[in-house]
Amino acid sequence: MTRRGLLLILSSPSGAGKSTLARKLMTWDPSIRFSVSATTRQPRPGEEDGREYYFRSRDAFETMVKTGDMLEHAEVFGNFYGSPKAPVEAAMLDGRDTLFDIDWQGGQQIRNSSLGRDVVSIFILPPSIAELEQRLRSRAQDSDEVIAGRMAKSRDEISHWAEYDYVIVNRDIDTSFAELTTILQAERLRRDRQPQLTDFVRSLNREFETR
């Protein structure tokens, strides 16, 4: 292994461009693993265990929470959702990064977990609230009521921007993507994420001794 994998957290209000940036990032580097969540809800037609979700019984899910095998979790409309720790640790030890597309609450839990030192968190902001609403409406997927709900929630989400390591204002998707990849490349080069450096420097010192 040339370096430790990291946990890359992307968060934003709905419509700010987080999902688009996540998709572009995984195309840019296919070695990045997208974090597959576990859930207690029943599989829908066509869904496969381990692809869309890890489907678990409520008892099994609660056991994972109690034993510390879930990095973060939340209850949504009567079902639990969360991020299992084991696949993330395996990717990290293999030198692969794991991408999390989660909200500020999930991000906070992961930062406070046993893998918190390996987290790089990035918050995506819209250029304006008017632009955020326009992006939601341009999807032509949601009713006015749903859009109003998303806009109301966005204020609370944006209030947590200062909890993140980096903040990108998404005025232009290509510029924002360039900034995102710059952050990732710099974080990968951090000294504490390159365990081979100690042996490499020792080899350099041995070269000095044989000159």
Item to complete: Check cross-link reach from LYS153 to the lysines: straight Cα distance under 19 Å, and skip same-chain residues fewer than eight apart.
Response: LYS18
Worksheet, complete the sentence: Subtracting the Cα-Cα distance of ASP69 and GLU48 from 0.36 nm times their residue separation yields 5.4 nm
Discussion item. Cut-off is 10 Å between beta-carbons; in what order do THR198, THR63 appear when sorted fewest neighbours first?
Written reply: THR198, THR63
Worksheet, complete the sentence: Final fewest-first order of HIS73, HIS160 on the 10 Å Cβ neighbour count is HIS160, HIS73
Worksheet item: Working out 0.36 nm times the residue gap between ASN112 and THR20, then minus their Cα-Cα distance, what length gain in nm do you get to one decimal?
Response: 30.4 nm
Practice prompt. Can you spot the lysines whose alpha carbon is less than 22 Å from LYS66's alpha carbon? Ignore those fewer than 8 places along the same chain.
Written response: LYS85
Worksheet item: Between SER11, SER121, SER57, which gets the highest mean-square fluctuation from a Gaussian network model of the chain, Cα cutoff 10 Å?
Response: SER57
Worksheet item: Hey, in the GNM for the chain with a 10 angstrom Cα cutoff, which one of GLN109, GLN196, GLN141 fluctuates hardest?
Response: GLN141
Item to complete: Using a 10 angstrom cutoff on alpha carbons, build the Gaussian network for the chain and name the most mobile of LEU25, LEU197, LEU99.
Response: LEU197
Worksheet entry | Which of GLY17, VAL120, GLN141, positive extreme of dipole for the chain (C-beta unit charges) | VAL120
Item to complete: Report relative contact order for region 31-130 in percent, whole number only (criteria: Cα-Cα under 8 Å, sequence separation at least 6).
Response: 29
Fill in: Proxy reagent accessibility, fewest Cβ within 10 Å first, across VAL120, VAL88, VAL146, VAL169
VAL146, VAL169, VAL120, VAL88
Fill in: DSSP bridge pairs, the chain: antiparallel proportion in percent, nearest 5
30
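Values quoted throughout were computed directly from the atomic coordinates according to the rules given, and no laboratory measurement underlies them. Note that the structure is a prediction, hence the values are computed from the model and not measured. Every residue, glycine as well, gets a Cβ built from its backbone with ideal geometry; the counts of neighbours run over all protein chains shown.
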